[in-house]
Amino acid sequence: MGKDKIRIRKIESVKDETPTIKTFKVFDPPSAKSDPGQFLMVWVPGSGEIPLAVSAVHDDYIDLAVKRRGSTTKYFHELEENDKLGIRGPYGNGFKKPTEPSLLVGGGYGIAPLRFLHQKYAEQAQIHVVAGASTEQELLFLAELDPVAVSTEDGSRGIEGTVLAPMREVLSEVEVKTVYTSGPEKMVRGVYDICINKEVKLEASLERIMKCGVGLCGSCLIDGFRVCQDGPVVGLDQLKEFEEFGVWERSFSGRKERI
């Protein structure tokens, strides 16, 4: 079965992670063999299809962390154990294997693919984590990731503000050769600026609207770069070439809008 053909799968379990995020455990061997940072196109019967990153793997089972923020994810959150969904993929490029002291910087829901990266490589390389979210209730996977620093926008836990301030502190105190990041593009742009200033390597997962996942619709374009096919993980040299990075994005209708 090719990766572009939808595989109908049963939901094994559903777990409430935060007030807005649930984890769905699904049996899907092709996805379980994906690289951290790659994504799947997941079809919700009766609604639509959305891109999701694998947040953890357990043998041939995968975890999908889903944040409720639109009509399709609303339907997704109404699914229960034994309900069905469709999966195709995995697509795109994932993170490279950490081989030197590294730092994972995740903002909100963006911590999901970094969780999989940490799960797969934490015993093979020195990996530190900085995690942030809007509130303490929205922080994800803290027990597993054991972050060296935490931030919340409302100051309910850790440093008040974004992940950028604690990231700077960690880089000044700990040896880090590569930063891996995922989260809102404005945050990722801030991480990029710090890495440029500190002369640290960076791999960033770009979050753009994806309708097809195979490079046809153009909704995920950034300066002509197809995030679904050429990304979503992008290195520092590629990011330097983007004029729209952190500035412009496309709405679901395809209209260009300022971030």
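Here, each number is a calculation from the coordinates, and none is a lab measurement. These numbers were taken from a predicted model, which means no experiment stands behind them. Ideal geometry is used to build each Cβ from the backbone, glycine not excepted, and the neighbour counts take in all protein chains shown.
Structure summary
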| read-out | value |
| --- | --- |
| Net charge dipole size for the stretch 7-91 [Lys, Arg +1 and Asp, Glu -1 on Cβ; Debye, nearest 20] | 280 debye |
| Anchor K198: lysines whose Cα lies under 20 Å away (excluding residues fewer than 8 positions away in-chain) | K177, K186, K240 |
| The stretch 150-156 - phi-based ³J(HN,Hα) in whole Hz, Karplus 6.51/-1.76/1.60, Gly and Pro as x | 10, 9, 9, 5, 9, x, 6 |
| Modelled FRET efficiency - R0 25 Å, E136 with K186, Cβ distances, 0.05 increments | 0.70 |
| Separation of the S13 and E175 label points, Cα + 7 Å toward Cβ, nm | 3.9 nm |
| Taking N as its residue count, the alpha carbon Rg of the stretch 7-91 over 2.2 N^0.38 Å | 0.96 |
| Charge dipole of the chain about the Cα centre (unit charges at C-beta), most positive-ward option of C195, G246, T99 | G246 |
| Helical mean residue ellipticity (222 nm; -39500 (n - 2.57) per DSSP H run of 4+; nearest 500) of the chain | -6000 deg cm²/dmol |
| Leading residue at positive end of dipole, the stretch 102-258 (Cβ point charges), from V150, L221, V234 | L221 |
| Per the chain, cysteines lacking a partner by the 4.7 Å Cβ criterion | C195, C220, C228 |
| Debye, to nearest 20: dipole size of the chain, +1 on Lys, Arg Cβ, -1 on Asp, Glu Cβ | 900 debye |
| Y61 versus K84: modelled label distance in nm, points set 7 Å from Cα along the beta carbon direction | 2.1 nm |
| Percent breakdown of C-alpha pair distances by 5 Å bin, ordered from the shortest bin, for the chain | 1, 6, 14, 18, 20, 18, 13, 7, 2, 0, 0 |
| Size of charge dipole - the stretch 115-259 - debye, nearest 20, with Cβ of Lys, Arg +1 and Asp, Glu -1, no other charges | 520 debye |
| Whole-Hz ³J(HN,Hα) from phi, Karplus 6.51 cos²θ - 1.76 cosθ + 1.60, for the stretch 140-148, glycine and proline x | 10, 6, 5, 4, 6, 7, 6, x, 7 |
| Between the stretch 133-159 and the stretch 164-192, the Cα center-to-center distance that results, in Å | 15 Å |
| Within straight-line cross-link reach of K5, lysines at Cα separation under 23 Å, skipping those fewer than 8 residues along the same chain | K25, K33, K84, K211 |
